[in-house]
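Down below is the structure, laid out as structure tokens.
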Amino acid sequence: MIIMILETIVWFAIAFYTSWGIGANDETMAMAAAGSSWSINRVAIIGAIFACIGAILFGQIVEKTIGTELLLIKITHQTCLTIVVSTAIWLTVASWFGWPVSTTHTALGAVMGFGIMAGGFQTINWQGFSSVIWGWLLSPFIGLLVSFVTCYVANFSGKTLDGASSRNEKVWIHLSFLIALLTEFWRGANDVGNATAFLQVTFFDSLIPRMIGGIGMAVGIIVLGRRVIFTVGTRITRLAPSATFLTQVATVLVIAVGTLMGLPLSGTHILVGSVLGAGFAVKSEINFEVVARVIFAWFFTFPAGALFAMLVTHISTLL
């Protein structure tokens, strides 16, 4: 009985730490902080609450995809341990340097790395992975397109998207903040599975791991997520609150639809794509050096997650 209790505590600690790493990096409140008068601290705290609620209410949809549809082997405690620890290590490193990498790429890279080490390429459900990869490739471009079109049309019709001070811009400030909260809700729903998907397979009650994961993400957003908020929200481009609102609309539409479809998408990819789309539409100055570093981090993340998982798996066999 004591061993079972200790084992449960260990698993919950792992889920909490991994969720903390996810919250510390995958932060979508950046544009609300950049495009309004709200402080980053206040945005992070309120956004953390919405992310936690989204994780608890809708997290099970993406959890099912990651936990049951990507590997063709039996899920064990070792599977869970290897994948979540590998994910957490890379996310912590990336968050420390302020890189807005994809937790989804990290987690699924770890899934593939473990599968290869456990039994070779035949352990991978390639059909399931192909659906996810298509979602990765298309979602940021859809976000960019939707954001570009809506901002261009609004700008063409004479709406205030150029950053000029006006009474209307004060309304956009509050609207952008509200839509950012909705974005955070769906981000929590989509991202929590990266930490809890395999726990919900091995644990008797999937709601409890999601609650732990939601709380962990909230703490990560508040404690370390502000570094990534600064990178995405202030260093890629600066948008007026009206353009910020339309950017968040594009982001939340893509991530909500993807979540309901069970696709573990990268909200960071979608957000940055939407930011770029808005920047192009309103002809805002874009820091392409920062964009290049972000894209490099994206491409490096998936193999990094796989390599960490392979290393952790190898070390575990020596113990």
**Message:** I'm trying to understand the selection: among the residues of the range 66-91, which are closer than 16 Å to G213 by Cβ and surrounded by fewer than 21 Cβ atoms within 10 Å (Cβ to Cβ)?
**Reply:** L81, V85
**Prompt:** Applying the selection to the range 176-219, what residues are over 16 Å from L91 (Cβ atoms), among the acidic types (D, E) and at pLDDT 85 or above?
**Reply:** E184
**Residue match in the range 243-253 (condition: closer than 12 Å to W136 by Cα, in a helix (DSSP H, G or I) and within 16 Å of the chain's Cα centre (by Cα))** = no
**Prompt:** Looking at (1) at pLDDT 75 or above; (2) surrounded by fewer than 24 Cβ atoms within 10 Å (Cβ to Cβ), which is the one condition that is false for I5?
**Reply:** (1)
**Request:** Looking only at the range 45-65, count how many residues are crowded, with 24+ Cβ neighbours inside 10 Å and touching a Lys or Arg at 6+ places or on another chain (Cβ under 8 Å).
**Result:** 5
**Asked** Filtering the range 254-286 down to residues that are part of a loop (DSSP other than H, G, I, E, B) and in contact with a helix residue (DSSP H, G or I) (Cβ under 6 Å, 6 or more places away or on another chain), which residue is nearest to T301 (Cα to Cα)?
**Response** S266
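The values are calculated or read from the model by the stated rules, or taken from the named source; none is laboratory data. These numbers were taken from a predicted model, which means no experiment stands behind them. Backbone-built Cβ (ideal geometry, glycine too); neighbour counts: all protein chains shown.
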